[in-house]
Amino acid sequence: MDILVTFDENYINPFKTMVKSIVFSNPEPITFWLIHSGIEEKYLQDLNNFCVEYGVKFEHIAISEKHFENTKSTKRYPQTMYYRLLAPIFLPEKLEKILYLDSDTLIINRLDDLWNMEFPDGMTYAAASHGIIGNVTDNINKLRLETDHCYFNTGVILMNLKRAREVVDMQEVINNVNNSKDIELLLPDQDIFNNMYGKYTVEIPDELYNYDVRHYLGYLLRSSNKHDLDWVMSNTCILHFCGKKKPWLSQGYNLFTSLYKYFMYK
């Protein structure tokens, strides 16, 4: 299994927690691919040593800033926002498929079904929509981005790289970002993904593969009380700690914080 991550030095420890969780429930060979710009060699060596310790492989791809000399790049539009969108271009040709994971995720069950899913004809990506937030939000996003599909959360994306290399064009992505107004993009890279590639994306169930831990009660109500904590622990594969209140921060407590800290200190 090949897993893609993109982060800077600030997310090294959350990445390590995610790695600990995934090897606990997924014993098959795993290679992590990090796309980054400018992470110091000492941190890269530390990451490699850590991954060796946990029995997984670690590869990294450093992206030169020259690729983005003429792009919109500010605090709101950091250069790293392009890496997830352009991953099919940067990753080696030998890879035909990869699973992108945000570093603020926790893997608590096997990923086999997701990894082995077949893409319908014409589909390039698989991602979840956080419909639990409500149809009103989804409809606003459709109007805002002029799309007719649900709004996908890009914290977890299964990528059909063979197909994506036919679809993704670096200059088109850069032009899309440069031509956008700040007010149009609330979550810049996620909005760009939905605007450009949402039509090539098949929806997967968020309660299994991108569970927003902020909305436990919402999932419970939506499932008529079926998706309680026992169900989540037995069935959900990926917990996503969305939002600003991260579980490694003092103000980041929620129902799943203790589980996160179990792996963090493991």
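The values are calculated or read from the model by the stated rules, or taken from the named source; none is laboratory data. Values in this document were obtained by computation on a predicted structure and should not be read as measured data. Ideal geometry is used to build each Cβ from the backbone, glycine not excepted, and the neighbour counts take in all protein chains shown.
Suppose the filter is in contact with a helix residue (DSSP H, G or I) (Cβ under 6 Å, 6 or more places away or on another chain), closer than 30 Å to Asn176 by Cβ and either surrounded by fewer than 18 Cβ atoms within 10 Å (Cβ to Cβ) or β-branched (Val, Ile, Thr) (or both); does Thr6 pass it? Criteria met by Thr6. Within the range 79-93, the set of residues being in a helix (DSSP H, G or I) and within 24 Å of Cys242 (Cβ to Cβ) comprises Met81, Tyr82, Tyr83, Arg84, Leu85, Leu86, Ala87. Collect the residues in the range 35-88 that are modelled with pLDDT of 90 or more, surrounded by fewer than 16 Cβ atoms within 10 Å (Cβ to Cβ), among the basic types (Lys, Arg) and touching a helix residue (DSSP H, G or I) at 6+ places or on another chain (Cβ under 7 Å), keeping them in residue-number order. If the condition is that a residue be modelled with pLDDT of 90 or more, surrounded by fewer than 16 Cβ atoms within 10 Å (Cβ to Cβ), among the basic types (Lys, Arg) and touching a helix residue (DSSP H, G or I) at 6+ places or on another chain (Cβ under 7 Å), then Lys57 is the only one that fits.
In this structure, does Ser21 turn out to be crowded, with 18+ Cβ neighbours inside 10 Å and modelled with pLDDT of 95 or more? It is true that Ser21 is crowded, with 18+ Cβ neighbours inside 10 Å and modelled with pLDDT of 95 or more. If only residues of the range 190-244 that are of a type in the set (Phe, Trp, Tyr) and not in a loop (DSSP other than H, G, I, E, B) are counted, the one that is surrounded by the fewest Cβ atoms within 10 Å (Cβ to Cβ) is Trp231.
Only one of the listed residues (Tyr82, Tyr125, Tyr54) is farther than 18 Å from Ile157 by Cα and of a type in the set (Ser, Thr, Tyr). That residue is Tyr54.
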